[in-house]
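The values are calculated or read from the model by the stated rules, or taken from the named source; none is laboratory data. Fair warning: this is a prediction, and the values are worked out from it, not measured in the lab. We place every Cβ from the backbone using ideal geometry, glycine too, and count neighbours over all the protein chains shown. These accessible areas exclude ligands, DNA and RNA; they are computed on the full protein's heavy atoms, side chains included. Shrake-Rupley method; radii C 1.70, N 1.55, O 1.52, S 1.80 Å.
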Amino acid sequence: EAKESGKRRFCTFNQSMAEKIHERLRLEQRLRQAVKERRFLLHYQPLVRMTDGALIGFEALLRWQDGDRLIPPDTFIPVAEECGLIQEIGGWVLQQACQEARRWNVRYGHPLKVAVNVSVMQFVEPDFLQGIEDVLATSRLAASLLELEITESVLQSLEDSKRILKALKSVGVSVAIDDFGTGFSSMAVLKDLPVDRLKIDRSFICNIPELAQDTAVCKAIIMLAGSLGLGITAEGVEKAEQADFLKENGCDTAQGYLYARPLDARALDAYLAQYFSRGPAGGQSGQHDPFITT
Ligand code: C2E
Ligand code: MG
Ligand code: MG
Ligand code: MG
């Protein structure tokens, strides 16, 4: 009896395993095809200076255009990393984002930066640096307007990372550690790394100021960044109370639905046009419009 049902369970387990493998293979195949046909696009989410609400730039966020649906990055980036497609996809993202940023800067005559997520697998490629320099040259975007977002996992091969970070610094590109607080970087490691900014992970932001532990973690990260001379960005800011708390505690930059969702090409154009239509000072002293969403 027990053996019987055990056997049956084993069968269902097996079948679902097979289904998963099949599904995964299909996803991989479709992704390969998508890379061939360049079926990707970028959305751009505004980055806002907390002291005065000024727009300082955008984070580029990748989407896969699969027929009439948009597939979010969390579902396919890990697959792209596993099957060796991330270098090509990531190269396209960098080229596209820098080109687009250059376009805003020329059109509005105002320095707006672009933040680009970079997978650890791109970062450690031998020709990564050369690729960055090439992209800056072809897009003619100032290096100081490109910020690369890497995760703490990059810091595991520390010696290599340090060398690459130093080289990026000499090129003039800045680097942010994304999703900070979710990984394992110790302060000892951080103090030796030429990075420019920490981005507090959304998971720490979403329950402030109610949850005492998260509030404490956010304060500590902001203090850490301050004492190391690093900039600090809060991601996933959705409520005014969160923004108030972060601002009071010295967070310099924010990003989140409170300000704007990631914008597609058309919404981005409308957003920029509106932002820069406010008088001769451009957007420098402009206030933010939380109502503009996709
Ligand atoms: P991330 O770099 O931490 O990006 C922030 C994510 O939070 C984005 O999700 C954004 O849409 C979302 N977000 C922003 N504000 C809010 C908010 O107020 N509330 C909520 N609930 N979410 C908010 P998205 O676009 O789905 O991207 C997910 C992750 O995929 C990114 O996290 C990044 O790690 C990765 N990713 C995106 N684009 C690229 C890319 O071009 N290359 C690589 N390697 N990874 C990418
Ligand atoms: Mg990011
Ligand atoms: Mg992040
Ligand atoms: Mg995140």
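Brief remarks on what is shown
- Total lysine pairs in the chain at Cα distances under 25 Å, for residues eight or more apart or on different chains: 24.
- Cβ-derived FRET efficiency at R0 35 Å, Met17 paired with Ala240, nearest 0.05: 0.15
- Integer Hz, Karplus 6.51/-1.76/1.60 couplings in order for the stretch 122-133, x for Gly and Pro: 6, 4, 8, 4, x, 9, 4, 4, 4, x, 5, 5
- Annotation: amide H-H contacts under 5 Å for Leu228 (H modelled 1.01 Å from N, sequence separation of 5 or more, or interchain): none.
- Of the residues Pro46, Pro73, Pro111, the one that moves most in a GNM of the chain with alpha-carbon contacts below 10 Å is Pro73.
- Accessible area of the chain divided out per residue, in Å², using a probe of 1.4 angstrom: 51 Å²
- Dipole magnitude of the stretch 44-131, debye to nearest 20 (Cβ charges: Lys/Arg +1, Asp/Glu -1, about Cα centre): 560 debye
- About the Cα centre, charge dipole magnitude for the chain (Lys/Arg +1, Asp/Glu -1 at Cβ), debye: 520 debye
- The HN-Hα couplings worked out from phi for the stretch 206-217 by the Karplus form 6.51 cos²θ - 1.76 cosθ + 1.60 (θ = phi - 60°) are 5, 10, 8, x, 5, 7, 4, 5, 5, 4, 5, 4 Hz, whole numbers, x standing for Gly and Pro.
- Restricting the trypsin sites (Lys or Arg not before Pro) of the stretch 5-98 to loop positions (DSSP other than H, G, I, E, B) with no more than 15 neighbouring Cβ atoms within 10 Å leaves Arg38.
- Trypsin sites (Lys or Arg not before Pro) lying in DSSP loop within the stretch 121-167, provided at most 15 other Cβ fall within 10 Å: Arg140
- Residue-averaged [θ]222 nm for the chain, counting only DSSP H segments that reach four residues, each worth -39500 (n - 2.57): -15500 deg cm²/dmol
- Dipole of the stretch 128-265 [Lys/Arg +1, Asp/Glu -1 at C-beta], most positive-end residue of Ile164, Thr253, Pro209: Ile164
- Surface listing: Tyr259, Tyr271 arranged by accessible area from highest to lowest gives Tyr259, Tyr271, probe 1.4 Å.
- Near the amide H of Asp66, within less than 5 Å, lie the amide hydrogens of Ile71, all on another chain or at least 5 residues away, with H placed in the peptide plane.
- Within a Gaussian network of the chain (alpha carbon springs, distance under 10 Å), most fluctuating of Asn117, Asn105, Asn207: Asn207
- Percent carbon-and-sulfur accessible area, the chain, ignoring ligands, DNA and RNA, probe 1.4 Å: 54 percent
- Other-chain or far-sequence residues with amide H under 5 Å of Val175's (modelled H): Leu148, Asp196, Arg197
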